[in-house]
Amino acid sequence: GCVGIAQAALDASVRYAGEREQFGKGIAGHQLVQELLSDISVYAFMNNKGGDTPTPGPSASASGHTAGTGADGGVPDDYLGTWSASLPGDRGASTRKLTIRQGDVGDQVLSLTAEGPLALGATYHCEFTAPLAARPADGEPVGIGPSTVSVGRPAASCSPGKATELTLLPDGTLRRTTTASGESLIYTRSD
């Protein structure tokens, strides 16, 4: 119905805003665009009376699962939760906070916050979301689609990411690997 159409419009708008640049800046970094996307999100949520309408970004329902997917989503339970990592650098460490929520193919199941130092004492803060690409077979990595930037300060420091795979390692850590390049980062559970 109308709520589904609003959700589809929001998903398409967030994707577009993460890709489009105007005046040398990604339009997702413009306050007006962020406000408009927020208004669409509130409309979709409120017109479903707070029910199981998918919400953008890292929002979750009271059950801890992404709204709209229920407990039978496509992400294995062992992956669900919050994970953290740190990247050393010349200017200091950069941090990553990765949250995996339940969802089905196409749902935004991954949210990532990346923060760290820039030149001259400045810092960056980037927030990303990404969908589940496919339901994994038992024991197979979880495929995550390309990420979009939902918040970028400064916007030039935040770029959409490529498709990745998540793998639980025997020691309980989680490896996120960029499918195209093979680059990976190891996360530890933080919740």
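Just so you know, all these numbers are worked out from the coordinates, no wet-lab data involved. Because the structure is predicted, anything quoted here is derived from the model rather than measured. Don't worry about glycine lacking a Cβ; one is built from the backbone with ideal geometry, like all the others, and counts go over all protein chains shown.
By how many nm would the segment from residue 95 to residue 175 grow when fully extended, if each residue of separation counts as 0.36 nm and the alpha-carbon distance is taken off?
Here the answer is 27.3 nm.
Which value, in debye to the nearest 20, describes the size of the charge dipole of region 61-191 about its Cα centre when Lys and Arg Cβ atoms bear +1, Asp and Glu Cβ atoms bear -1, and nothing else is charged? Intermediate results must be reported in sequence, preceding the final value.
Details: 10 positive and 14 negative charges, 98 e Å.
Here region 61-191 has a charge dipole of around 460 debye.
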